[in-house]
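Bear in mind that the values in this text are calculations on the coordinates, not laboratory data. Quick caveat: nothing in here was measured; it's all calculated off a predicted structure. Cβ: placed from backbone, ideal geometry, glycine included. Neighbour counts: every protein chain shown.
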Amino acid sequence: MYAHHLYDQPEQSPAYENRKETGLTSRIIIVGAGIAGLSLAQWLTRFGIEFEIIEQSPSERRSPHGIVLPFNAVRELKMLGVFEQLQEEYFDFWKLTYCGIGGKEIKSAILTQSPFENEQFIAVREQRLLTALRTGLEKKIRYNTRLTDVDHGEDGVRISCTNELLNGQYDLIVAADGTRSQTRLKNFEGQITVQDHHIPCWRVLLEYPEHGLQPMHMIGPVSQFVIYPVSNDTLYCYAHVHEAPDGEHVADGAMLEEKGRLSPDPKENLRRIFARYGGPVPEILSRLGDAAIIPDRLQSVTEPCFFDRRIAFIGDAAHGCSPLIQQGAAMALADSRCLADALAMQQTDQALTTYRERREAQTQRIARASDAPLDSVLTGPGGMKQLFYSLKLRLFGPDNVRAWRRIATERPFQSANKSPGS
Ligand SMILES: Cc1cc2nc3c(=O)[nH]c(=O)nc-3n(C[C@H](O)[C@H](O)[C@H](O)COP(=O)(O)OP(=O)(O)OC[C@H]3O[C@@H](n4cnc5c(N)ncnc54)[C@H](O)[C@@H]3O)c2cc1C
């Protein structure tokens with residue numbers, strides 16, 4: 001169904017022909033070589049559109065955690081011709097279960113039934129995904145180069161970055177620099193564009209030979225522990241806890257006097273906060289050993305933003321939100337395809353309007369659906385909130401699967417530049 005590579009040579013793409021005929025040439029710089037920046041770079045390359053790409057990390061970013069890619073992210077990777085580059089180093093899943101903190105199932109969902117009959121859901125090491133997305137771009141990415149400032153001019157935008165050779169005027173800057181985007185910060189200086197949800201979180205990849213597990217979300221009143229295999233011998237775990245207004249944390253099931261502040265040691269935090277979890281969690285916590293645990297905080301962009309004059313925003317820089325329905329990668333990949341498609345066919349200003357028109361409604365819906373579960377701190381008089389949540393889960397199914405179903409039944413954005421094999 002999908003072509004392995006969209007076009008072996010950019011010259012074969014109708015977009016390339018179109019740009020040649022209409023003289024659409026422009027100086028483009030992409031800021032950030034994460035999922036959004038790399039996928040845009042891949043599409044632009046296929047369309048024969050020149051660009052620079054900078055990345056602040058000193059070399060290929062190391063990403064020692066996993067990522068869950070539901071069907072729409074997998075579809076995008078297949079359209080981009082990158083899926084095969086994963087070389088089957090991922091875990092296909094077809095079922096996921098929501099449980100209480102004791103490990104007792106509340107509700108499970110089977111992902112082989114309508115509307116997902118022909119779809120694929122995977123969990124993968126993020127490093128593997130980034131390596132696949134970098135294929136062919138290795139020499140193009142300017143590492144150790146951080147954007148420091150932007151300045152709009154008459155007919156373009158000037159950038160300052162830590163590589164003087166790249167400073168100067170561009171027709172278009174594409175900010176693909178994540179939720180805490182420096183480009184967005186500089187562009188909207190003085191405005192608050194990121195909201196902190198007061199939820200510290202942790203991600204870890206764990207060797208666990210023959211774990212025999214399928215994906216599992218364990219939901220407590222103020223915390224969650226989420227497990228996805230990335231192979232038969234490795235688990236990716238994501239965990240979070242709601243911070244009380246006084247900055248302290250109460251572990252689910254713990255006595256109030258056990259609340260405390262986070263330790264600088266992520267392992268200690270996981271062991272303390274999830275001490276009363278059952279199911280596979282005690283065994284997982286006992287295996288943490290030297291695993292690299294990546295601490296973070298859940299943050300969202302306050303208002304999705306697609307472009308301002310000649311700065312385009314894609315991926316998390318445009319609409320970063322909570323990962324609870326696992327749509328970040330899919331949205332970043334779809335943004336890139338859409339923006340590249342528009343740039344291939346239209347003058348820059350028109351292309352930016354087209355990009356926003358095609359992406360705005362879906363990304364706003366998804367950002368809302370992603371952040372909605374964050375309000376559900378499930379404590380309340382007599383545990384009513386938790387009871388109500390369990391009932392909702394039983395009746396309507398897991399939050400993420402409900403959102404995926406809605407996405408699967410929406411009409412996806414169609415590229416004007418069709419892949420020959422699609
Ligand atoms: C805890 C957590 C769990 C998640 N789990 C999932 C999941 O399971 N599934 C899913 O689909 N999504 C998940 N997401 C979201 C997903 O990771 C993002 O949506 C996705 O990575 C978007 O990528 P991006 O390229 O827009 O941004 P990023 O991945 O943040 O990449 C931005 C890049 O820009 C670079 N950069 C930043 N500033 C500068 C600068 N000034 N100059 C140059 N370079 C710069 C950074 O080094 C980085 O390489 C999760 C997010 C979090 C926080």
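The calculated FRET efficiency for residue 169 paired with residue 59, based on their beta-carbon distance and R0 = 25 Å, is about 0.30. Within the listed set 181, 286, 108, the residue fluctuating most in the Gaussian network model of the chain (springs between alpha-carbon atoms under 10 angstrom) is 286.
Any idea what the relative contact order of the chain is, in percent, if you count C-alpha pairs under 8 Å spaced at least 6 apart?
Numbers: 860 pairs, mean separation 89.8, N = 422.
That works out to 21 percent.
Quote the FRET efficiency, to the nearest 0.05, computed for residue 232 versus residue 349 with a Förster distance R0 of 45 Å and r equal to the Cβ-Cβ distance. Efficiency, rounded to the nearest 0.05: 0.35. In terms of its C-alpha gyration tensor, the stretch 46-108 comes out prolate, because a/c is 1.5 or above and the ratio a/b outweighs b/c. For residue 149 and residue 360, the difference between the fully extended length at 0.36 nm per residue and the C-alpha to C-alpha distance is 73.4 nm.
Between residue 391 and residue 180, 0.36 nm times their residue separation minus their Cα-Cα distance comes to what? Could the numbers behind the result be given before it?
Working: separation 211, 0.36 × 211 = 75.96 nm, distance 3.61 nm.
Here the answer is 72.3 nm.
Note on the chain: lysine pairs with Cα distance below 20 Å, sequence gap of 8 or more or different chains, count 10.
Cβ-to-Cβ counts within 10 Å put 43, 94 in ascending order as 94, 43, the fewest first.
Averaging Cα coordinates gives a centre for the stretch 317-338 and one for the stretch 136-201; these two points are 18 Å apart.
Round to the nearest 0.05 the FRET efficiency obtained for residue 119 and residue 263 when R0 = 30 Å and r is the Cβ-Cβ distance. Mind dumping the intermediate values first?
Values: r = 41 Å, r/R0 = 1.37.
E(calc), rounded to 0.05, equals 0.15.
Compute the Cα gyration tensor for the chain, then decide on rounded, prolate or oblate, letting a ≥ b ≥ c be the square roots of its eigenvalues: rounded whenever a/c is under 1.5, prolate when a/b is larger than b/c in the other cases, and oblate in all that remain. Prolate, since a/c reaches 1.5 and a/b exceeds b/c.
When the helices in the chain are scored as -39500 (n - 2.57) per DSSP H run of 4 or longer and the sum is shared across all residues, what 222 nm value do you end up with, to the nearest 500 deg cm²/dmol? Numbers along the way, then the final one.
Details: 12 runs with 130 residues, N = 422.
Result for the chain: -9500 deg cm²/dmol, rounded to the nearest 500.
Gain on full extension, evaluated as 0.36 nm per residue between residue 405 and residue 214 minus their Cα-Cα distance, stands at 66.8 nm.
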